[in-house]
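No lab work stands behind these numbers, since they all come straight from the coordinates. Please read all numbers here as calculations on a predicted model, not as lab measurements. Backbone-built Cβ (ideal geometry, glycine too); neighbour counts: all protein chains shown.
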Amino acid sequence: MASLPIIDLSAPSSPASSSEPLDPRQTKGTYAFVSLGCPKNLVDSEKMLGSLSLDGYALVSEPEGADFVIVNTCGFIESSRAESRSVIQEMLDLKKAGKTKGVIVAGCLPQRLEADGGLLKQMPDIDHVVGVFGRDEITKVADRLVGGAREQRELFRPAPIKAMNDQSRLRITPDHYAYLKISEGCDRTCTFCSIPSMRGKHVTKPIEMILDEARELSDDGVRELILVAQDTTYYGMDLYGKVQLAELLRQLQKVEGIDWIRLMYLYPINFSDELIDVIADSRNILPYLDMPLQHINSNVLKRMQRRVNSEQTRELVQKLRERIPNVVLRTTFIAGFPGETDEQFEELKQFVQETRFERMGVFTYSLEPGTPAVKLEGHLPEEVKEARRDALMELQQEIAFEHADRMIGYELDVIIDEEVGDGVYVGRTFADAPEIDSNVIVTGSELQIGDMVPVEIMERQDYDLVGMVSMIDDEGEEE
């Protein structure tokens with residue numbers, strides 16, 4: 001069981017936040033929770049945890065002995081679906097052995113499989129299924145299971161026309177940072193992507209609702225807000241008739257207690273001059289931009305239906321480099337998209353070499369049933385896709401190491417995420433998002449999780465940096 005991402009509120013790295021965990025002896029029942037997938041899914045998990053806690057259920061750290069287990073699944077690509085099925089089966093095996101009374105499955109996997117006869121058809125020992133948009137009724141499903149209802153239930157709700165409220169979460173991130181979902185769904189028609197079929201059309205969360213949530217998170221100790229959505233730069237179009245990410249950021253940066261605002265999932269379209277200026281001029285919006293580009297060749301981008309070409313992409317990257325001081329760019333690419341020729345791949349390699357993204361990830365193309373790319377000609381063998389991915393990552397390793405080496409000798413602000421030994425901590429600079437980017441190994445004394453401290457960078461260890469806290473005298477001056 002140790003390999004599973006079981007949520008444990010007793011662990012120092014995953015504290016309770018918006019509401020305290022309940023005493024299992026004084027509750028309606030106990031449950032364990034497994035959260036899989038992306039940060040957007042994590043927000044859904046935290047919302048379900050909050051609802052269950054407020055309704056009187058107690059979260060426990062191990063599924064053995066719990067009244068039931070909830071698995072919030074990912075259904076994005078085949079590897080994530082396989083992981084979800086594996087975790088579900090492991091929980092079902094516990095149920096069969098009498099070590100838990102029931103298994104509830106939630107999230108993207110059942111939502112995606114609804115049209116194909118449903119997850120219950122494939123895994124009939126599951127007790128109840130809750131789709132993406134049924135998350136707010138998780139307590140009703142739990143009541144049925146604990147109450148002894150034997151009839152299986154599939155709870156699916158239509159995609160909302162108004163944004164769901166994510167306040168009163170029971171957070172499972174450390175106290176000092178939190179994901180803030182600003183919209184749901186996606187209106188893009190990328191030919192490789194199944195997200196719209198699971199998450200519905202783009203629905204903007206109103207600015208006032210986001211600000212209320214940001215204040216709640218700040219009051220709860222959050223210093224770093226990480227903005228997430230399926231398409232962040234499209235924020236506001238459906239609700240306000242125009243993109244409003246720049247205005248949202250103007251308001252968010254006024255929330256007291258928030259030191260860092262990090263932007264994720266920025267689509268290259270709608271990246272306006274106004275937005276660039278707001279980021280460049282802000283004291284707490286980080287010059288860290290996660291902007292998945294997927295490819296650089298115009299013909300491949302057209303087959304992907306990205307609605308942006310090579311020239312526009314290059315111009316945007318150059319503009320961001322020129323106008324945002326110290327900007328760090330993170331991107332992702334797809335290797336081996338159907339029809340990608342050797343020449344087109346070489347163009348992508350050259351672009352990576354020239355542009356020198358500080359942070360980069362590469363996925364091999366995953367054939368997703370129901371997506372338009374399935375019908376495209378020129379699907380490549382897995383070994384070709386994997387070789388192209390590896391070639392890109394080999395290039396990127398050299399670039400990332402060079403970037404890290406340039407940091408040696410500088411003093412950088414580091415937020416402390418974890419204590420890993422006596423006087424040894426793990427933290428991040430502004431250039432690093434949790435879980436996906438590099439870390440800084442910090443030596444210092446009497447640091448607290450969530451502290452932001454000046455660190456002198458001494459060396460590099462692979463992708464990570466190593467440094468020590470700069471000495472501060474009694475008058476607050478560096479020695």
Subset of the stretch 297-320 (residues that are over 27 Å from P434 (Cα atoms) and aliphatic (A, V, I, L, M))
V300, L301, M304, V308
For the list (1) in contact with a strand residue (DSSP E or B) (Cβ under 7 Å, 6 or more places away or on another chain); (2) surrounded by fewer than 20 Cβ atoms within 10 Å (Cβ to Cβ); (3) closer than 11 Å to L170 by Cβ, I need the number of the one condition that S45 fails.
(2)
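Please enumerate the residues belonging to the stretch 295-309 that are touching a Leu at 6+ places or on another chain (Cβ under 7 Å) and without any contact (Cβ under 8 Å) to a residue 60 or more places away in the chain.
Of everything in the stretch 295-309, those that are touching a Leu at 6+ places or on another chain (Cβ under 7 Å) and without any contact (Cβ under 8 Å) to a residue 60 or more places away in the chain turn out to be H295, I296, N297, V308, N309.
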Contacts under 7 angstrom Cβ, first residue in the stretch 313-340 being closer than 14 Å to D277 by Cα, partner of a type in the set (D, E, K, R) and assigned to a helix (DSSP H, G or I), 6 or more apart
V327/R321
Tally time: how many residues in the stretch 331-390 are touching an Asp or Glu at 6+ places or on another chain (Cβ under 7 Å), among the basic types (K, R) and part of a loop (DSSP other than H, G, I, E, B)?
0
Please enumerate the residues belonging to the stretch 380-433 that are of a type in the set (D, E, K, R) and closer than 13 Å to D464 by Cα.
E402, D405, R406, R428, D432
Scan the stretch 129-149 for residues that are outside any helix (DSSP H, G or I) and either of a type in the set (D, E, K, R) or within 21 Å of K96 (Cβ to Cβ) (or both) and jot them down.
V129, G148, A149
Please go through the stretch 147-184 and give me each residue that is crowded, with 22+ Cβ neighbours inside 10 Å and either at positive phi or of a type in the set (V, I, T) (or both), ordered by number.
I172, T173, I182
Tell me yes or no: at least one residue of the stretch 74-84 is crowded, with 20+ Cβ neighbours inside 10 Å, aliphatic (A, V, I, L, M) and touching a residue at least 12 places away in the same chain (Cβ under 8 Å).
no
Set I88, I126: member being in a helix (DSSP H, G or I), more than 28 Å from M209 (Cα to Cα) and β-branched (V, I, T)
I88
Filter result (within 24 Å of S272 (Cβ to Cβ) and either among the acidic types (D, E) or in contact with a helix residue (DSSP H, G or I) (Cβ under 8 Å, 6 or more places away or on another chain) (or both)) within the stretch 202-226:
H202, V203, T204, P206, I207, E208, I210, L211, A214, L225, I226
A careful count of residues in the stretch 400-429 that are among the acidic types (D, E) and under 28 Å from A178 (Cβ atoms) gives 5
